[in-house]
Structure formats: C-alpha cells, structure tokens
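FYI, it's all coordinate maths here, none of it is from the lab. Just so you know, these numbers come straight off a predicted model, no measurement behind them. Methodologically, a virtual Cβ is constructed for each residue, glycine included, from the backbone with ideal geometry; neighbour enumeration extends over all protein chains shown.
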Amino acid sequence: MSARTARLRQLAVPYALELPAGAWVGLFFLVPLLAILSVSLMTGNSIDGYALTWNFHIYPDVIDQYSTQFARSFYYGLASTAIALVVMYPVAYWIAFYGGRHKSTLLLVILLPFFVSFVIRILTWQFILADQGIILGSLKDIGLLPSDFHVLSTPGAVIAGLTYDALPFMALPIYVALDNIDRSHIEAAADLYASRREQFLRVVLPLSAPGVYAGILLVAITNIGDYVSAAILGGPSTTMIGNIIQTQYVQNANYPTASALALILMAALLLGMYVYARAFGTRTIQEYV
Amino acid sequence: MEADDAFAAGAPRGPGEPRQGFDLDPARLRGMTQSRLSRRDFVRAGATAAAVAGLGSVLSACGIAGTRDTGAPASFDWSSWWSKQQKHGVLDWANWPLYIDTSHGRHPSLERFTKQTGIHVNYRPVIQENASFFAQISPVLQARQGIGYDLIVISDGWELTQMIANRWLIPLDHSRIPNFRRHAGPIAVHPSFDPRNRYTVTWQAGITGIGYDPRMTGREITSVKDLWDPAFKGKVGMMSDDTELGSVGMLALGIDPVSSTPADWKRAAALLTKQRDEGLVRQYYDQSYIKALEDGDTWISQAWSGDIFQANYSGFKHLKFVIPKEGGMLWHDNCMIPLHAQNPVDALEWVNFYYQPPIQAMIEDWVNYLCPVPAAKGLIANKLNDPSVADSQLVFPSPSTNRRLRDYYDFRGIDDHDEWTSIFQPVYQS
C-alpha cells in the first residue's frame, strides 16, 4: 500500500482543495446561468406557463426596446467609477504613505458607513438633498441658490449615489497595492535624481496599477447593474437596466424578458472586461525590471 | 378525487410550528433580488460562460408551469367543506403596515378580539406592495401549498383578479359573517371586481386624488388637469403604478376608466408622455410620494386620501387633498382567505368581529381611510369624541362625494393586462 497510496493521496490533494470552490461555481453559478439562458428563450405568460420555444428573437427585440437604458447604465456606471477613482486614489495614497500607526483606524473609518444598510444610506441622501431640506433649503433661504434648484431626480444625483457607495470598494484595493510598494524603489528613484513628480509618475503610479485595475473592475461591474440608486435618487428619465429587469421579473412576471436582459448585461460586461484587460492588463514589477 | 385531496387536505399547522418562510422583510427581499454579489461571481467564472452557452441543447425539455388549474376545482362543494371546518383558536394574518389601531406597539382591537373569542392572532404587517407580495405567494399556491396565512389583504387590481381566476381563494361562508350584511356600507357591498362579495370583504377603502401644498401652488387645486399646469414644472408627482397612472390619464381626457378601451389607453399614455417630456413630472413615486410632498420636492401629486390625512396629524398641517372634479379613483383593500388556509373559521370570526360598528370606530379613528361601516361615524363623533375624523369626507363620504368616485378598469385576462402594462409602463420607465 504505502508508497502508491501516499502518491495518490498527494495527487488528490489539489483537487480536493479545489472542490468547494468548484462546487460553489457549479452549483450556484453554472446551474442558475443555464436556467436563465433557457428561460430567456421561452414564450408564454404567467397563467398559461412558459414553454421553451427557442425564441432567439427576444435578444434583438429587447436590445432594440431598451437600448437607452443599457447605454445609460454604462454611462452612469463608468462615470461613477471614474469619479470614485479620482476621489479615492489620493485618500488611499495618504493612508498608505502617511497613515503611520493609524492605518487600520483610517481604513476602518472608510469602511464605517458599510455598517449601515445600503438602502438606508441612500434614503438618507434623499433626505439630506431634499429641495427644501437641510442643505438646499438653507442655501435657498439665504439666496445662494435659485428657488427651483434641485439635486434629486437628476442624473447627477444617481451618479453621485453610485459613486458614494463605491468609494470603499475603490479605496481598499488601491490602498493594498500602494502599501505593498517596496519603499526602497522610491528611494532608488530619488537617488537617481528623479523629482517628486517623476517618482510618483514613473514608480508609484505604475506599481499601484494592479490596485487601480481591481478597483475599477469591482466598482464598474457593481454600479452598471445597480438599480437602488436610480430608484431612490433618480427622476422620470434616469431608469437603469437594473430597474427594468426588476420590473419585468417581479411586477410583470415576464421571466423571458428579464432573463434576456440580465444575460445581455452580463455578456456586455464580460466583453467590456475582456477589452479592458487586453488594453490595460496590469503589469507587475518584473516587467519593469 | 385526487385534485380535491391535494388542496383540501394537508396537515394542520399548530400555533407553535414554524411557518413556511414568508416573514420576508422588504430589505431582505431587495437583497435577494439584487444581483450585486452574483454579478461579481459572474466575473469570476467569466471564462466558462462561452462554454456554457453550448450546453443549451440540454435544456430543451424545460418549461415553467403556469398558474392555470392549480387552484380549487370549479365544481368543488364549498358548503359541505365549510360545514366540516372548526375553530382552532389561532389566526395567522398578513396585513399592510400602519393599517390597524396601534398603541404603544400593541393593537387594542386585536387584544379585545382575543379576550372575547380566545383566538390568538399572529398579526404580521408584511405586505408592502401588491405585486411583490403576489410574487412571493404565487409560487407556493401554484405548488398547491398553503402560504402560512389564514387571512391576507390585497387591493383590487390585477393580482386580485388572478387570485380569483386561479381559484386560489376560499369562497366566504357568509352565514358566519352576519355583521357584514348587517353593517357594511354601499362602498363595501357588491364591488365590481367581486360581485356579491363571494371571495372578499373590504378591509378599508380609499380614494386616489390629488395632494398639494397650497403655499407652493399659490392656488386651490380642483382639476386633474392641474397636474399638467406648466406653472408646476418639475414639481408634479405622479405614481409609478400602471393602474393609477393610466387611470388619471384617462380622467384628464374625460374617460371613465372602468369602461375604457385600448384606444383610450393609448391616448392617455400619449398625454402622460407629453407631461413627462415637457419636464412637468418630478418623479414617478411609489408610497414615497408623500415624503416628497412633505419635503417640498413636489408641490402637487397624485395621492391616496389616508396618507394626506395622516400627514396632517404628523406635523404637515398645510397639505391638502382634493377629489378632482373629473372624479377620484375608489380603491378597496380586501380581506380574503387563501386556499389551503389552516384556520378559515378563525379568520371569518375576526372578519365578523371587525364589522361591528364599535370595533370599526376603534380602528377607523386610527387608520383614517374610507370606512366600510357607516354606523361607525356616530360612535367616532360622540363616543371617541373625534369630529375631525367623523366629519371627514375622506372617511365617511357623503352621497354627493360618492357619486364622484370612479372604479378601476377590470382586466379581462392576461392579454388585456399585458396590453395595458405595455402601454403605460414605458411612461414611467424611460
């Protein structure tokens, strides 16, 4: 027994370790995905039932019908991602380089809002930004804003809501990347007469790219599919594709349309990710050496 | 007969046993329907997606069953079924939030009911919306199982139409609710959506009209057409509900919704689209329209009568409600017993208890919607000493007010309903 079983066992270990993750993906991703795919090709209604009729026409049909909402979702999602990046990079930079022994506390501060439910936080913004609320109302009373000025129900409000929710997701990976930078690289750059600006642009920024890359992915993918922000902060023409999917599924019980929309969104995101990875795929330190 | 057994039988559930998982709070439901996490998972497994698509052929045998013929058989003998039912001393009841008298977290009317009848009520204010509640219970009923409630409250509309058409409701045994025949007012008796109250009795009714802030509008509101007044540009609140939105569009055109045709629906949708595209509409709201009105985000809004009444009592005295001259929509929230309910006798005992004028007065004085029992008016005025409720046209409407109330269009089938939604949904989801 001994030698052979021991070797077999050794061979089996990696597979055994992979098993939970594999089962997770298989059971909770592949099976539902196949189900959604088949549902999207069905026709019928909630009373008579839906039968699989391989109705591929639904794809061009829903793209045609909801192209505005698709385009808007990508616009809002990407705009909020860009803003979150611009806002959070300096924050992450500061914590990583100047946080000292308070780093963990500062990170906790960034994460603190997450201890309150997402919906509650967005609802609170609705309260704060109300037309006659504590901010706009006061500014209007002292004449700093015209009386018909409003923030809610505008695309800006939706993008702001999405950005707000994304900030920690953007900050954390960037922080990790920055914190991992070997400080001797920066010292070496300084020794070689690189200015502060050059040290940042040619050493720190490239080395933090993996964090930026991860942050953008995390934020863009969640935000493009979001619907809470649009539902609570948006106006008559800020419907995102997530809102449409929700209405079609819950309210209309129109499962094929909802499924087709979800799959198109997913396909578009995958395609976008692929292009993004090819164009900006991250480089590691080795590639710079 | 097998089909009969399948729904009539089923082991009764005692008071201590767990219900079938329907205590979903809305936040949890949102969490479940929202695909944030799963989308991140999607990314992780992105590489496999293409391969998966090829497996489609495996799925050819699939389908989703419809709800047709999952209810009680049409020929079922309900009177002999009722004669065999017994009181169990427990009632599981799903209602809407803030829809019963409440004092320090307790419900005096329910406590009095328990004291008088010995029936313990598990009161669950879990229904936030007809569509989402229906989406929760319909798969269970479709599987011919009980939803864990003996009494539920659903508004007249497409969901109720389906409950009745699928025969998912137990016809009421009116011999057990004599107080309904004795005390129910014209608003509650014989509604268009449920002739002879075969399946439902009114819990509360209400009016959809216009709520407004006279300080901001600068004038009194009298007409549905005021929702199209350019002076209120960007300050008009409309409802994100197909039926409410479509109905108000038709009232503005002078069409009575109950007898409208698809051609009328299209004209109404065109009018509503124009209102949106001209920038008049601030937002299409669910129940949150009342907050927008209170916050000053809107000056004039489609509104439900009871909400404005309650807002007046919670610090927003200036808000007003009007039944426009073109008419207000009359809606009913209805008590009904879902199929497979375990305690139907206890449910009817509560309904009978509820339809006594003193109990009505107790609840009405707190809820402030349209009261189904006219005799409660005198009790509220004299015994409870609350003339503002007793004299309100929105709680006890006079005959002349009654004449201005309109019924909703009753959908004739799913094609009819789908046509309506496909016409009005694009108005508020653009």
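Percent of alpha carbon pairs in chain A separated by more than 34 Å? For chain A, the share of Cα pairs beyond 34 Å comes to 41 percent.
Is the shape of chain B rounded, prolate or oblate, going by the alpha carbon gyration tensor and its root eigenvalues a ≥ b ≥ c, with a/c under 1.5 for rounded and a/b larger than b/c for prolate? Cα axes put chain B in the oblate bin.
If the elastic network links every pair of Cα atoms under 10 Å, which of A:Ile120, A:Ile142, A:Ile216 fluctuates the most in the Gaussian network model of chain A? Residue with maximal mean-square fluctuation among A:Ile120, A:Ile142, A:Ile216: A:Ile142. Put the Cα centre of the stretch B:369-399 next to the Cα centre of the stretch A:87-121 and the gap is 56 Å.
Given the stretch B:338-430, what whole percent of its Cα pairs are spread farther than 22 Å? Working shown, then result.
Working: 2384 of 4278 pairs.
So the portion of pairs separated by more than 22 Å is 56 percent.
For chain A, a Gaussian network of Cα nodes joined below 10 Å ranks A:Leu107, A:Leu270, A:Leu19 by mean-square fluctuation, and the top entry is A:Leu19. The smallest convex shape that holds all Cα atoms of the stretch B:179-301, its convex hull, gives 133 Å³ per residue. By the rule of a C-alpha distance below 21 Å, with chain neighbours fewer than 8 residues away ignored, the lysines paired with B:Lys115 are B:Lys87. The 3J(HN,Hα) values that the Karplus relation (6.51, -1.76, 1.60; θ = phi - 60°) gives for the stretch A:45-51 are, in residue order, 8, 5, 7, 7, x, 10, 10 Hz. Gly and Pro appear as x. For the set B:Lys291/B:Lys377; B:Lys235/B:Lys377; B:Lys84/B:Lys377; B:Lys233/B:Lys317; B:Lys266/B:Lys317; B:Lys225/B:Lys377, the pairs lying more than 26 angstrom apart at their alpha carbons are B:Lys291/B:Lys377; B:Lys235/B:Lys377; B:Lys84/B:Lys377; B:Lys266/B:Lys317; B:Lys225/B:Lys377. Along its first, second and third principal axes, ordered by size, the stretch A:212-269 spans 40, 27, 15 Å in Cα coordinates. Of A:Tyr227, A:Tyr164, A:Tyr193, which is the most mobile in a GNM of chain A whose springs link Cα atoms less than 10 angstrom apart? In this elastic network of chain A, the residue with the biggest mean-square fluctuation among A:Tyr227, A:Tyr164, A:Tyr193 is A:Tyr193. When Rg is the radius of gyration of the Cα atoms in the protein assembly as shown and Rh is its Kirkwood radius, what does Rg/Rh come to? Ratio of gyration radius to Kirkwood radius for the protein assembly as shown: 1.02.
May I ask you to give the average projected area over all directions of the convex hull of the Cα atoms of the stretch B:209-258, in nm² rounded to one decimal?
Values: hull surface 14.8 nm².
In nm², the orientation-averaged hull projection of the stretch B:209-258 is 3.7.
Across all C-alpha atoms in the stretch A:107-216, the radius of gyration and Dmax reach 20.5, 58 Å.
Quickly estimate the mean residue ellipticity at 222 nm for chain B, helices only: each DSSP H run with n ≥ 4 gives -39500 (n - 2.57), and the total goes over all residues, rounded to 500.
Values: 20 runs with 176 residues, N = 430.
About -11500 deg cm²/dmol.
For the pair A:Thr68 and A:Phe97, label points projected 7 Å from Cα toward Cβ lie 4.6 nm apart.
Electrostatic tally near A:Asp191: other residues with Cβ closer than 15 Å to its Cβ, Lys and Arg +1, Asp and Glu -1, net 0.
Using the beta-carbon distance between A:Gln132 and B:Lys274 and R0 = 25 Å, what value does 1/(1 + (r/R0)^6) give for FRET efficiency, to the nearest 0.05? For A:Gln132 and B:Lys274, the calculated efficiency is 0.35.
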